[in-house]
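The values are calculated or read from the model by the stated rules, or taken from the named source; none is laboratory data. From a predicted model like this one, the values you see are computed outputs, not experimental measurements. Note that each Cβ is placed from the backbone with ideal geometry, even for glycine, and that neighbours are counted across all protein chains shown.
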Amino acid sequence: MLEKIEHLKVEIENLTASSPEEVEALRIKYLSKKGEISALMNDFRALSGEEKRTLGAPLNQLKDFATEKIASLRESLENKEVDAAAFDMTRSAAPMRLGTRHPLSVVRNEIVSIFSRLGFSIAEGPEIEDDWHVFSSLNFAADHPARDMQDTFFIQRNPDVLLRTHTSSVQSRVMEKTQPPIRIICPGRVYRNEAISARAHCFFHQVEALYVDEHVSFADLKQTLLYFAREMFGPDTKIRLRPSYFPFTEPSAEMDISCNLCGGKGCSFCKHTGWVEILGCGMVDPNVLDACGIDSKKYSGFALGMGVERITNLKYQVKDLRMFSENDTRFLREFTAAH
Ligand code: DAH
């Protein structure tokens with residue numbers, strides 16, 4: 001009987017069917033009351049207790065195996081029918097959904113491209129930094145508040161490891177390794193220990209520019225800024241420089257552009273002043289040049305730094321900074337037309 005069971009198992013394993021009727025015929029042949037497995041079951045009843053003990057399990061397995069096989073034959077035929085009906089050779093291909101560039105990448109690329117037309121090339125530095133490159137080399141006094149834990153994410157003290165709070169750190173990294181002429185643009189992510197809200201985030205993006213050579217003057221800085229503002233915001237854009245203070249530049253200034261929403265007439269966006277602030281800049285402090293191994297008697301330079309989120313908000317009026325990092329595709333798809 002065991003031989004018969006094994007023989008049937010191989011036979012059933014190799015069964016095929018090309019229509020539901022054929023499947024039904026197979027079911028009757030093996031599993032109906034008069035089928036081959038039922039016949040074996042009847043024989044089984046007449047066996048002695050000893051034989052029943054050895055043959056019971058294989059016989060039951062055979063029955064389960066046949067039931068499953070018939071069910072799977074039936075199922076694969078049903079699937080085939082569905083497939084055939086769904087296949088329409090005349091239908092045009094479904095359009096592929098293309099992703100969009102992130103608005104911050106669009107604006108960063110535009111900033112970089114404007115400066116590269118003036119001969120600046122990209123320089124990058126690490127986001128995980130040390131005190132020297134972020135603060136000390138840039139003329140920050142030991143007790144400058146920006147070094148405070150409340151602004152800076154410190155990872156470790158002694159040796160100090162921190163997240164850079166501005167891309168100005170790339171300036172000192174490049175100046176340490178390169179002698180002038182230096183003309184670099186440094187895009188990158190920066191971190192500050194701020195509570196996250198619509199107007200502030202614990203990380204954001206900056207682009208820094210640095211030009212060091214013989215006889216670089218404030219007039220060069222001003223002309224570069226004017227070129228940048230007009231390329232970025234349109235040919236009618238005006239600029240205004242206000243005196244300011246940064247440890248690494250002397251003199252320092254902040255640059256405003258004529259409000260690109262009202263054209264300078266005054267609106268709620270520019271708080272009715274007609275001007276909006278977009279970046280910080282100045283002549284590189286001689287202390288910074290010397291700290292980085294560049295002869296401040298021979299060379300001078302200018303630097304400027306801007307927030308990419310700020311420029312993006314001006315261009316696209318994004319009201320809530322958090323939108324930039326939430327990856328909501330409804331927001332990102334708004335920028336499909338941007339390049
Ligand atoms: N590092 C400044 C900041 O994070 C931005 C800045 C201002 C960069 C003036 C400069 C500069 O290079 O000259 O707020």
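Data for the structure
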{"item": "Filter pass, residue 221 being farther than 13 Å from residue 306 by Cβ, of a type in the set (A, V, I, L, M) and either at pLDDT below 95 or out of contact with any Gly (no Cβ under 9 Å at 6 or more places or on another chain) (or both)", "result": "no"}
{"item": "Exclusive hit being of a type in the set (Val, Ile, Thr) and in contact with a Lys or Arg (Cβ under 9 Å, 6 or more places away or on another chain), set 37, 5", "result": "37"}
{"item": "First in the range 190-219 and among the hydroxyl-bearing types (Ser, Thr, Tyr), second anywhere and within 11 Å of the ligand (Cβ to nearest atom) and part of a strand (DSSP E or B), Cβ under 6 Å, 6 or more apart", "result": "211/301; 211/302"}
{"item": "Tally, over the range 96-108, of residues that are free of Cβ contacts under 8 Å to residues at least 24 places away in the same chain and surrounded by 15 or more Cβ atoms within 10 Å (Cβ to Cβ)", "result": "1"}
{"item": "Residue within the range 297-320 that is within 21 Å of residue 172 (Cα to Cα), among the charged types (D, E, K, R) and more than 17 Å from the chain's Cα centre (by Cα) present", "result": "yes"}
{"item": "Residue in the range 260-278 that is surrounded by 20 or more Cβ atoms within 10 Å (Cβ to Cβ), closer than 30 Å to residue 214 by Cα and not hydroxyl-bearing (Ser, Thr, Tyr) present", "result": "yes"}
{"item": "Filtered residues of the range 179-189 (kept if surrounded by 15 or more Cβ atoms within 10 Å (Cβ to Cβ) and either within 11 Å of the ligand (Cβ to nearest atom) or in a strand (DSSP E or B) (or both))", "result": "182, 183, 184, 185, 186, 187, 188"}
{"item": "Matching residues, the range 190-216, being among the small types (Gly, Ala, Ser) and surrounded by fewer than 18 Cβ atoms within 10 Å (Cβ to Cβ)", "result": "195, 197, 198, 200"}
{"item": "Tabulated pairs, the range 158-170, first closer than 12 Å to residue 189 by Cα and within 10 Å of the ligand (Cβ to nearest atom), second modelled with pLDDT of 95 or more and of a type in the set (S, T, N, Q), C-beta under 8 angstrom, 6+ apart or interchain", "result": "166/206; 167/206"}
{"item": "Count of residues meeting criterion [touching a Pro at 6+ places or on another chain (Cβ under 8 Å), under 30 Å from residue 261 (Cα atoms) and within 16 Å of the ligand (Cβ to nearest atom)] in the range 287-331", "result": "1"}
{"item": "Matching residues in the range 237-286 - criterion: being within 14 Å of the ligand (Cβ to nearest atom) and among the small types (Gly, Ala, Ser)", "result": "244, 252, 253, 280, 282"}
{"item": "Within the range 1-99, helices (runs of 4 or more DSSP H) holding 2 or more residues that are among the small types (Gly, Ala, Ser)", "result": "36-45, 49-86"}
{"item": "Conditions (1) farther than 30 Å from residue 232 by Cα; (2) under 56 Å from the mean Cα position of the chain (by Cα); number of the one not met by residue 45", "result": "(2)"}
{"item": "Strands (runs of 3 or more DSSP E) wholly inside the range 208-316 that include at least 3 residues being of a type in the set (A, V, I, L, M) and in contact with a Phe, Trp or Tyr (Cβ under 8 Å, 6 or more places away or on another chain)", "result": "275-284"}
{"item": "Filtered residues of the range 50-95 (kept if loosely packed, with under 15 Cβ neighbours inside 10 Å, at pLDDT 85 or above and small (Gly, Ala, Ser))", "result": "56, 57, 71, 72"}
{"item": "Residue that is nearest to residue 303 (Cα to Cα) [pool: residues in the range 217-236 that are crowded, with 21+ Cβ neighbours inside 10 Å and within 13 Å of the ligand (Cβ to nearest atom)]", "result": "221"}
{"item": "Residue 11 loosely packed, with under 12 Cβ neighbours inside 10 Å, farther than 30 Å from residue 332 by Cβ and among the acidic types (Asp, Glu)", "result": "no"}
{"item": "Contacts under 8 angstrom Cβ, first residue in the range 235-254 being closer than 19 Å to residue 168 by Cβ and in contact (Cβ under 8 Å) with a residue 12 or more places away in the chain, partner in a loop (DSSP other than H, G, I, E, B) and more than 10 Å from the ligand (Cβ to nearest atom), 6 or more apart", "result": "247/139; 247/140; 247/141; 247/144; 248/139; 248/140"}
